[in-house]
1. Taking only pairs six or more apart or across chains, which ones have beta-carbon atoms under 8 Å, a first residue in segment 43-60 that is in the same structural domain as K89 (by TED's automatic domain parsing), and a second residue that is of a type in the set (K, R) and in a helix (DSSP H, G or I)?
2. Can you pull out the helices (runs of 4 or more DSSP H) entirely within the chain that have at least 1 residues that are modelled with pLDDT of 70 or more?
Amino acid sequence: MVTQPASERICTREFISALATRARVPYDIAQRTYDGFVGEVLSQTRQGKSVTLTNFGTFSRKIHAGHPVRFGRDGQRQQDYAVLKFSAKRAASIAVGDQLDLAQKRSQ
């Protein structure tokens, strides 16, 4: 079995900062764009729709039922709950770097 090294994670603030730099826009505009994107994905999936981004992946709602879990500080048990599921495109890890380099060259 081939194991891949653990990838470094960045927090939301670092991601938005990198997005602002790449798009050459102020941080607050990148933040509003990010918030709008996440809000719209959540809104669409709450309505039962899936959101597919070509060459990236699909966001959808998945209902978990039958096993109770605890959420939040108050520890209330929930029997059924929904989560946001993301299915990445399989080839994304190979092609994304090349596509980003190409897009960056076009923007210069």
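The values are calculated or read from the model by the stated rules, or taken from the named source; none is laboratory data. Fair warning: this is a prediction, and the values are worked out from it, not measured in the lab. Note that each Cβ is placed from the backbone with ideal geometry, even for glycine, and that neighbours are counted across all protein chains shown.
1. none
2. Values: elements: 12-23, 27-46, 92-107.
Helices (runs of 4 or more DSSP H) meeting the threshold: 12-23, 27-46.
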